[in-house]
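**Q** Questions regarding the structure given below will be posed in turn.
Taken together, the values in this text are just the output of simple stated rules run on the coordinates, not laboratory data. Because the structure is a prediction, the values reported are computed rather than measured. As a convention, Cβ positions derive from the backbone with ideal geometry for all residues, glycine included, and neighbour counts pool all protein chains shown.
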Amino acid sequence: MTRPILEGVRVLDLTNVLAGPFATLHLALLGAEVIKIENPKDGDLARKLGILPEFNDQLMGTSFLAQNSNKKSVTLNMKPDEGKAIFRRLAATADVLVENFRPGVMDRLGLGYAVLAELNPRLVYCAISGFGQTGPDALKPAYDQIIQGLSGVMAINGDERLNPLRCGFPVCDTVGGLNAAFAILGALYHRERTGEGQFIDVAMLDSIMPLMGWVAANLLIGKQQPVLMGNDNFTAAPSGTFRTQDGYINIAANKQEQWEALCDVIGVPELKTDSRFQKRDVRKRNRKDLTPLIEAKLAERPTDDWVDLLNARDIPSGAILGLEAALSQPQVEHRQALREVVIEGLGSYKLFGMTAQFEKTPGAITAPPPRLSADTATVLGEIGVDAEALAALKAKGVV
């Protein structure tokens, strides 16, 4: 089997809940040895977050299971001197460290980047936070929805009836994690060329705002404020969500030829020469007149029929699936985005694996999310902590 792309890279993961664990998950799926450093009492907070109380009681909550495949778990209290000493020994062996504490926490522990870089100049240290390490808001607490509100994301969602509106999943956390993983890989590439590590400062606020590229550019360059359009696409018409005989369909007739083909498929060829709809920008202005005319024809058939007819004419369209149907659709199964993972004591469940498909160095789930402290003895043994010393550390609550 081909070597995993990050084989031999050791990552110390001090993160909790989502943004940080999502970053290190992708490193783990690519073959890095990711060692979660967790507090000895109850570990990553995500271990107790989830909809199944019996899993939470075992510190294996669904939120934790979703983000921690392929990782190892080591418990360590980094506040006492013994814990600090062990952590410094681990840091000396690491290629990457990822943390998502508030700015300054690691420095106050005496384990900040400046200290660790003295021990290990090749260390890539990534700090993930809501607002970044510096600036007027740096020390403010931040959760995903706080960042959604401050970034403008909630202000541009919804329509005149429902606004502001949050995204239905923690988009700022997850994109912050992806940004961190991307940055870490870039820093590792730089290290290959120069031999030097570096500090990376990732902010969730910074990470989410570029995702609004077109919307932000319209304001920054075109001086046009965002318009609340609900499920309509502001770039074209007809482009958005439309009612059918049995539900709804997404249609994106963004090109002129797609618009003309749509008119033919649904049986309204006369709209192609209607002055209100002939040109793209004119259609956008007359969207409220156009949509009812289209929906009157779409009401004659169920969604699945229209999807087949429209896609056959290269008019992008698709059904609007519930989450269960989306996760089990044939295309997702073909791509193997979800993998069956056996978790000891819990059962067999589907978890997301690596969704970028590498030809020569594919990522894979090779181990289930770890039980708390499952790897403490093994990992600390590698740095010289024998069974007697480990027992003493346990007695003191350090591990």
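**Q** Can you put His26, His334, His190 in order, fewest other beta carbons within 10 Å first?
**A** On the way: His26 23, His334 8, His190 14.
Ordered by Cβ neighbours within 10 Å, fewest first: His334, His190, His26.
**Q** Could you give me D for the chain, from Stokes-Einstein at 25 °C and 0.890 mPa s, where the hydrodynamic radius is the Kirkwood radius over C-alpha pairs? Units µm² s⁻¹, please.
**A** Numbers: Rh = 24.1 Å.
After rounding, the answer is 102 µm²/s.
**Q** Which number comes out as Rg/Rh for the stretch 248-319 once both Rg and the Kirkwood Rh are worked out on C-alpha atoms? Can you show the working numbers first?
**A** Working: Rg = 11.3 Å, Rh = 12.2 Å.
Dividing the radius of gyration by the Kirkwood radius yields 0.93.
**Q** Based on other C-beta atoms within 10 Å, arrange Tyr248, Tyr125 from fewest to most.
**A** Tyr248, Tyr125
**Q** While we're here: Can you give the extra length, in nm with one decimal, that the chain gains between Asp289 and Asp107 once fully stretched, where that is 0.36 nm per residue apart less the Cα-Cα distance?
**A** On the way: separation 182, 0.36 × 182 = 65.52 nm, distance 6.08 nm.
So the extension gain works out to 59.4 nm.
**Q** Let me ask something else about it. Per residue of the stretch 165-179, what does 6.51 cos²θ - 1.76 cosθ + 1.60 with θ = phi - 60° give for ³J(HN,Hα)? Whole Hz please, x for Gly and Pro, Karplus curve as stated.
**A** Values, residue by residue: 9, 7, 5, x, 9, x, 5, 6, 4, 5, 6, x, x, 5, 4 Hz.
**Q** May I ask for the Kirkwood hydrodynamic radius of the stretch 152-223, worked out over all distinct Cα pairs and given in angstroms to one decimal?
**A** Working: mean 1/r = 0.0691 Å⁻¹.
With all distinct Cα pairs of the stretch 152-223 included, I get 14.5 Å.
**Q** Compute the long axis of helix 303-312 from its Cα atoms, compare it with the longest principal axis of the Cα atoms of the chain, and write down the angle in degrees, 0 to 90, nearest 10.
**A** Roughly 80 degrees, rounded to the nearest 10.
**Q** Additional query: So which GluC sites (Glu not before Pro) in the stretch 279-386 end up in coil per DSSP with only 12 or fewer other C-beta atoms within 10 Å?
**A** Of the GluC sites (Glu not before Pro), the ones in loops of the stretch 279-386 whose Cβ has at most 12 other Cβ atoms within 10 Å are Glu300, Glu344, Glu359.
**Q** Would you order Ile156, Ile146 from fewest to most other beta-carbon atoms within 10 Å of each residue's own beta-carbon? All intermediate terms of the calculation are to be shown ahead of the outcome.
**A** Working: Ile156 19, Ile146 16.
Fewest-to-most Cβ neighbours within 10 Å comes out as Ile146, Ile156.
**Q** Once both labels are modelled 7 Å past Cα along the beta-carbon direction, what's the Val115-Asn231 spacing in nm?
**A** Those two pseudo-labels are separated by 5.4 nm.
**Q** Can I ask one more? From the phi of every residue in the stretch 212-226, what ³J(HN,Hα) in whole Hz does the Karplus formula 6.51 cos²θ - 1.76 cosθ + 1.60 yield, where θ is phi - 60° and glycine or proline is x?
**A** 9, x, 5, 5, 5, 5, 4, 7, 5, 9, x, 6, 9, 5, x
**Q** Could you tell me the center-to-center distance, by alpha carbons, between the stretch 320-369 and the stretch 150-228 in angstrom?
**A** Comparing the Cα centres of the stretch 320-369 and the stretch 150-228, I get a distance of 25 Å.
**Q** Can you check what the net charge comes to around Glu257, using other residues whose Cβ is under 14 Å from the Cβ of Glu257 (Lys, Arg +1; Asp, Glu -1)? Walk me through the intermediate numbers first.
**A** Working: positive: Lys255, Lys272, Lys279, Arg280, Arg283, Arg313; negative: Glu260, Asp264, Asp314.
Within the 14 Å Cβ shell, the charges total +3.
**Q** Between 0 and 90 degrees, rounded to the nearest ten: what's the tilt of helix 256-266 against the longest Cα principal axis of the chain?
**A** Approximately 70 degrees, to the nearest 10.
**Q** Do the sum for the chain: with -39,500 (n - 2.57) for every DSSP H run of n ≥ 4, divided by all residues, what is the mean residue ellipticity at 222 nm, to the nearest 500 deg cm²/dmol? Show your work: numbers first, answer last.
**A** On the way: 19 runs with 160 residues, N = 399.
Here the helix-only value at 222 nm equals -11000 deg cm²/dmol.
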